[in-house]
Amino acid sequence: MTNMTGILTEKLFIFNPKDAQSLKCIKCLKGFTNFYAERVAKFRGIKSTSDTLQPVQESRNKKQETRNTIKSLTKETAIGTVKVLVDDLLYYNKKDWNAKVEKAKKDNVLTVVSKIKVKSAYMYELISGIYITAATKFLKFTSK
């Protein structure tokens, strides 16, 4: 138990081999950690300094390549967030309504990278690479 303020966050889902492989990719991990640090800083009202998170020993070309990867994985990628309004809302591991893998809990907040049409309804693609319904009776979308 502690007297300090704390936050609990959801970091990554691993539902398939592709997700697990991203944990071996240094560029993906750097992008993820910088995105995470920026969001925590924003939540706490702290100015982001993600450039200082780059390893000092990297060459100039590698630094630029890493920055480009981070940009593609972080705030430029996200179109907004969704807050889950119900318990046990299904996740899907691909753009298919039959590809159910897990359930989200009420009040989870997830980062959205795109909205796609699947048959006659819409899904959100999440930054973790999984999908969730875009139905407004189950989720509240907040644009970036």
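The values are calculated or read from the model by the stated rules, or taken from the named source; none is laboratory data. Quantities reported herein were computed from a predicted structural model and do not represent experimental measurements. Please note: Cβ atoms are built from the backbone with ideal geometry, for glycine as well, and neighbour counts cover all protein chains shown. To get the accessible areas, we keep the full protein, side chains included, count just its heavy atoms, and leave off ligands, DNA and RNA. Shrake-Rupley method; radii C 1.70, N 1.55, O 1.52, S 1.80 Å.
For the reader, a short list of remarks on this structure follows.
- Between Leu90 and Ile116, the simple spin-label model (points 7 angstrom out along Cα→Cβ) gives 1.7 nm.
- Region 92-139, accessible surface, carbon-and-sulfur percent (1.4 angstrom probe): 45 percent
- Distant-in-sequence amide contacts of Val118, defined by a placed amide H-H separation under 5 Å and a gap of 5 or more residues or a different chain, comprise Met123.
- Of Lys24/Lys137; Lys30/Lys119; Lys30/Lys144; Lys27/Lys119; Lys30/Lys137, pairs whose Cα-Cα distance is over 32 Å: Lys24/Lys137; Lys30/Lys119; Lys27/Lys119; Lys30/Lys137
- For Gly80, residues with placed amide H under 5 Å, excluding near neighbours: Val112, Lys144
- Taking Cβ atoms as reference points and 13 Å as the exclusive limit, the residues near Asp96 contribute a net charge of +4, counting Lys and Arg as +1 and Asp and Glu as -1.
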